[in-house]
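The values are calculated or read from the model by the stated rules, or taken from the named source; none is laboratory data. Small disclaimer: the values here were computed from a predicted structure and weren't measured. Glycine also receives a Cβ, built like all others from the backbone with ideal geometry; neighbour counts cover every protein chain displayed.
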């Protein structure tokens with residue numbers, strides 16, 4: 001006669017072991033996934049919020065961007081989460097969202113906008129997300145020149161619920177001029193009463209009309225994030241365009257003319273000999289017939 005306790009234990013093992021096996025397989029699958037690096041930042045100007053994300057993973061030797069993955073951006077409005085856009089990452093792992101400040105999608109979101117960027121994960125990578133909270137700020141640039149002294153004036157203010165401007169106080173602002181591969185610093189100042197001003201150097205080269213692009217930037221502010229204002233002003237030294245005459249050389253795609261003419265003559269001589277040989281062969285055949 002069989003032991004009833006042993007029968008019950010065997011029955012429980014048969015029931016539990018498949019579940020435990022599936023759980024172990026699921027855990028091993030999760031452990032095989034890579035947890036990616038995910039960054040999320042916000043830069044604003046007077047017209048829009050520019051939300052930038054970057055998705056990558058570390059191999060132990062280098063950082064590898066993850067391209068072709070969908071990043072979804074949401075706006076958190078209280079307990080509500082509104083989907084704004086979904087963008088695929090490019091070859092550098094970057095995805096950029098441009099949200100107009102006057103967009104209806106930002107209505108009733110409060111004074112501070114909380115954006116949430118989400119990567120839902122894939123077979124290879126775990127899900128990840130990040131949040132950026134920013135308060136809208138407007139910044140304008142004005143240019144004043146008195147007695148050959150050139151001054152950049154930045155004005156920054158936020159808007160209260162009644163629509164009145166509130167000047168920015170006690171915040172650093174940095175001024176730059178874009179160069180070929182970087183931004184050239186030309187000054188920094190401190191906002192007092194909503195304004196900051198800095199003298200502009202007079203020795204910077206511009207384009208053929210002396211135009212320079214001038215950038216004012218508030219960086220990594222805990223409330224406003226990155227704020228940027230850009231303007232073009234003819235305060236640079238005019239640099240005439242240099243027209244470089246195209247030269248023909250042995251290392252260029254266009255060969256020197258003397259080489260082209262020589263090649264034409266040589267090929268003509270070769271083809272002349274071919275035609276002459278055919279002519280002689282035809283003449284010999286006619287002589288044989290006669």
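Values computed for the structure shown
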{"quantity": "Lone unmet requirement of (1) assigned to a loop (DSSP other than H, G, I, E, B); (2) modelled with pLDDT of 90 or more for residue 267", "calculated": "(1)"}
{"quantity": "Restricting the range 140-157 to residues that are in contact (Cβ under 8 Å) with a residue 24 or more places away in the chain and under 21 Å from residue 44 (Cβ atoms), the residue that is surrounded by the fewest Cβ atoms within 10 Å (Cβ to Cβ)", "calculated": "140"}
{"quantity": "Sole exception among (1) surrounded by 11 or more Cβ atoms within 10 Å (Cβ to Cβ); (2) in contact with a strand residue (DSSP E or B) (Cβ under 9 Å, 6 or more places away or on another chain); (3) closer than 30 Å to residue 241 by Cβ for residue 207, by number", "calculated": "(2)"}
{"quantity": "Single unsatisfied condition, residue 137 versus (1) touching a residue at least 60 places away in the same chain (Cβ under 8 Å); (2) within 13 Å of residue 73 (Cα to Cα); (3) surrounded by 13 or more Cβ atoms within 10 Å (Cβ to Cβ)", "calculated": "(2)"}
{"quantity": "Test result for residue 113, touching a helix residue (DSSP H, G or I) at 6+ places or on another chain (Cβ under 9 Å) and either on the phi > 0 side of the Ramachandran plot or surrounded by 11 or more Cβ atoms within 10 Å (Cβ to Cβ) (or both)", "calculated": "yes"}
{"quantity": "Which listed residue is at negative phi, in the same structural domain as residue 216 (by TED's automatic domain parsing) and part of a loop (DSSP other than H, G, I, E, B), from 162, 142, 155", "calculated": "162"}
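Conditions tested, residue by residue: (1) surrounded by 11 or more Cβ atoms within 10 Å (Cβ to Cβ); (2) part of a loop (DSSP other than H, G, I, E, B); (3) modelled with pLDDT of 95 or more; (4) within 18 Å of the chain's Cα centre (by Cα).
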position	(1), (2), (3), (4)
11	no, no, no, no
25	no, no, no, no
60	no, yes, no, no
86	yes, no, yes, yes
91	no, yes, yes, yes
